[in-house]
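S.K.: This is the structure I have questions about; it appears just below.
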Amino acid sequence: MCPLWRSFAHGMRIQTRSIVIMFSKALAQASTIALAIILVRIVDQEVFGTYRQLILVFTTVSSLLSLQLEASLFYYVPKISGLELRSLAVQTTLFGLFASAVSALVIFFGAGLIAEQFSNPDLVTPLRVMALYPLTEKILILAPTFMISVDRVIRASVYSLVASVGRVIATVAAFATGASLTNVVWAMVGISALVTTTAIIDMIRLTPAAPIKFDKSLVRGQLSYCLPLFATALVGVLNIQYDKLLIVNYFKDAALYGVYSNGAMELPVVVIVTSSVTSAIMPNLVSLVHAGKLREAIAIWQEAARKCSFVILTAFAFLLSMPGEFMVMLYGIEYAEATWPFLVYLMILPIRVTLYASLLRAAGDTRSIAVIAAISMVLNVILSTVLIFAGGGGLFSFMAPSIGTFFAIMATAALLLRRVCAKTGVPAGDIMRWGELSRMLLLALAASAITQFVPTPSFPTMSLTFSLAAMFVIRGFVFAILMLVISWISGFLNPDEKRLILAPITWISRRRAPASSAGESSEI
């Protein structure tokens with residue numbers, strides 16, 4: 001294991017920080033998945049599809065008009081003095097609220113046009129209420145990012161988790177009591193506003209008391225850093241959301257969009273693992289790159305990719321053999337067709353073991369990221385549009401946008417890696433630990449293949465969802481044991497990884513030790 005992974009410049013260790021962030025994001029993502037699982041069972045497909053269209057509009061507009069200010073916090077907080085933190089926090093918050101206000105105006109005044117474009121008049125009123133949501137949601141992105149940057153990881157995780165779980169509870173409670181979609185959105189906005197107010201106050205309290213002033217050089221530097229990332233986000237959101245927008249406009253069927261949107265997703269494990277680890281290492285990458293220690297920064301980045309591969313590649317191998325069963329288990333037989341886009345998105349996972357742009361961001365080379373994102377978007381638009389019309393409205397048309405997205409994401413990864421190689425002077429063969437990653441993937445595929453021969457009991461009196469869940473639990477347990485045994489015996493695991501696996505046993509042993517000692521003393 002890279003010794004840099006164990007050493008940490010200040011505060012919480014990278015590994016510990018990663019685990020804390022990952023745990024909170026895992027719970028947040030689990031709550032979001034749980035929301036979809038619950039909603040498909042308490043509302044009909046038309047209402048669910050309209051709800052997903054509402055989220056699509058909010059996500060697309062707010063992301064398109066985001067200034068990507070959160071990325072600048074990771075870059076600037078480690079580089080400025082403590083007395084400048086409050087000014088940075090305040091100016092970043094104000095910039096964020098400005099961008100959110102623009103998003104709110106676009107959603108509010110564009111509600112009628114959007115609903116007409118989607119052929120869904122039921123969208124108009126909920127969209128106008130949803131216009132308030134960006135004002136709170138942006139702060140709930142900025143505040144945790146700032147807290148991570150100043151090494152308050154647990155506090156950041158709590159805010160992220162409370163915001164996600166609160167939204168889920170408010171949405172389910174509103175729908176369960178028969179509330180209209182408009183009132184559901186009001187409940188979402190109310191919960192989000194409450195958490196946001198607390199987060200703003202807390203973020204300011206975490207900064208040293210100092211006069212608030214707008215440093216023009218800091219403002220220019222922050223905007224200079226963010227604008228290329230903003231351009232990247234602009235095309236990146238279109239890149240990621242274009243397939244869904246294409247489905248909505250081509251088929252003009254809210255229920256069908258609800259099916260597609262459930263399947264057209266990358267596993268939340270990608271967001272949970274890679275974004276958590278990247279958030280944890282970014283302050284270190286910035287410091288090392290700024291100090292000219294490129295090789296050390298690359299070593300941390302490579303070690304992070306290895307850690308991420310344990311989760312991402314194993315999830316890919318396990319689900320690759322049962323994608324249909326997974327979709328039906330989550331959403332019911334009515335959403336079985338979601339398997340097709342899900343299978344395409346699943347094939348993206350092997351390249352998602354790291355965020356390839358993180359080294360470029362740490363080096364301040366955000367312009368290259370923007371150019372590569374633009375190239376990827378153009379490729380996606382051309383491929384997806386051509387393929388959906390070539391499908392003639394059949395199954396291939398239904399799958400076509402996800403196929404276009406797949407090739408666009410692959411192209412993005414390849415171009416980013418090429419740029420990283422050029423920036424660092426490291427050959428393509430050495431920039432990633434290709435051998436380790438390939439070996440990990442082969443181990444996971446082997447374990448997954450063996451797992452398919454595991455007999456699972458049938459439950460004829462139980463629901464299909466319960467039977468499939470039981471099958472996944474049994475096979476998942478066997479798969480995990482197989483992966484552990486194969487990885488351990490083959491020598492793939494490093495000593496620190498073995499210690500991490502044995503940590504629960506070690507913790508229990510240490511907890512029991514004082515009791516045992518006390519018992520022996522009393523007997524003597």
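S.K.: Carbon and sulfur together cover what percent of the accessible area of the chain at a 1.4 Å probe radius?
M.R.: 69 percent
S.K.: Related question: How compact is the range 72-208 by the rule of thumb for globular proteins, expressed as Cα Rg over 2.2 N^0.38 Å?
M.R.: After normalising by residue count via 2.2 N^0.38 Å, the value is 1.20.
S.K.: Please compute the per residue accessible area over the chain with all protein chains in place, 1.4 Å probe, rounded to a whole number of Å².
M.R.: 43 Å²
S.K.: Can I ask one more? What full-extension length gain, to one decimal in nm, is calculated for ILE212 and SER119 as 0.36 nm per residue of separation minus the Cα-Cα distance?
M.R.: Stretched fully, the ILE212-SER119 segment lengthens by 28.6 nm.
S.K.: With θ set to phi - 60°, apply the Karplus curve 6.51 cos²θ - 1.76 cosθ + 1.60 along the range 474-489 and write out the HN-Hα couplings as whole Hz, x wherever there is a Gly or Pro.
M.R.: Each residue's phi maps through the Karplus curve to give 5, 5, x, 5, 5, 4, 4, 5, 4, 4, 5, 5, 5, 5, 5, 5 Hz.
S.K.: Of LYS138/LYS213; LYS138/LYS216; LYS307/LYS423; LYS216/LYS293, which pairs sit farther than 26 Å apart, going by alpha carbon to alpha carbon?
M.R.: Distance filter (> 26 Å) returns LYS216/LYS293.
S.K.: When the scattering of the range 186-318 is computed by the Debye formula from its Cα atoms alone, each counted once and equally, what is log10 I(q)/I(0) at q = 0.11, 0.14, 0.19 Å⁻¹?
M.R.: Listed by q, the Debye log ratios stand at -0.77, -1.17, -1.31.
S.K.: Normalised by the residues of the range 382-484, what does the relative contact order come to in percent, with Cα pairs under 8 Å and at least six apart?
M.R.: Dividing the mean separation by the residue count of the range 382-484 yields 16 percent.
S.K.: Sorted by packing (mean other beta-carbon atoms within 10 Å per residue), highest first, where do 167-178, 333-344, 130-141 land?
M.R.: The densest-packed peptide leads the list: 130-141, 333-344, 167-178.
S.K.: Could you give me D for the chain, from Stokes-Einstein at 37 °C and 0.692 mPa s, where the hydrodynamic radius is the Kirkwood radius over C-alpha pairs? Units µm² s⁻¹, please.
M.R.: For these conditions, the coefficient is 133 µm²/s.
S.K.: Are there any trypsin sites (Lys or Arg not before Pro) in the range 417-453 that are in a DSSP loop and have at most 16 other Cβ atoms within 10 Å? List them by number.
M.R.: Those that pass, being in a loop and sparsely packed, are ARG433.
S.K.: For a test of the definition: using alpha carbon positions, the gyration tensor, and the 1.5 limit on a/c, classify the range 383-477 as rounded, prolate or oblate.
M.R.: oblate
S.K.: Show that you can apply the helix-only estimate: for the chain, add -39,500 (n - 2.57) for every DSSP H stretch of four or more residues, divide by all residues, and state [θ] at 222 nm to the nearest 500.
M.R.: The per-residue figure over the chain is -26500 deg cm²/dmol.
S.K.: What FRET efficiency do you get for PHE453 and PHE396 if R0 is 35 Å and r is their Cβ-Cβ distance, rounded to the nearest 0.05?
M.R.: Once the sixth-power term is evaluated, E becomes 0.60.
S.K.: Under a cut-off of 14 Å between alpha-carbon atoms, report the aspartates and glutamates in cross-link reach of LYS244, not counting same-chain residues fewer than 8 places apart.
M.R.: ASP253, GLU266
The values are calculated or read from the model by the stated rules, or taken from the named source; none is laboratory data. In this text the structure is predicted, and so the values were computed from the model without any measurement. Methodologically, a virtual Cβ is constructed for each residue, glycine included, from the backbone with ideal geometry; neighbour enumeration extends over all protein chains shown. Just the protein is used for accessible areas: all its heavy atoms, side chains included, with ligands, DNA and RNA removed. Shrake-Rupley method; radii C 1.70, N 1.55, O 1.52, S 1.80 Å.
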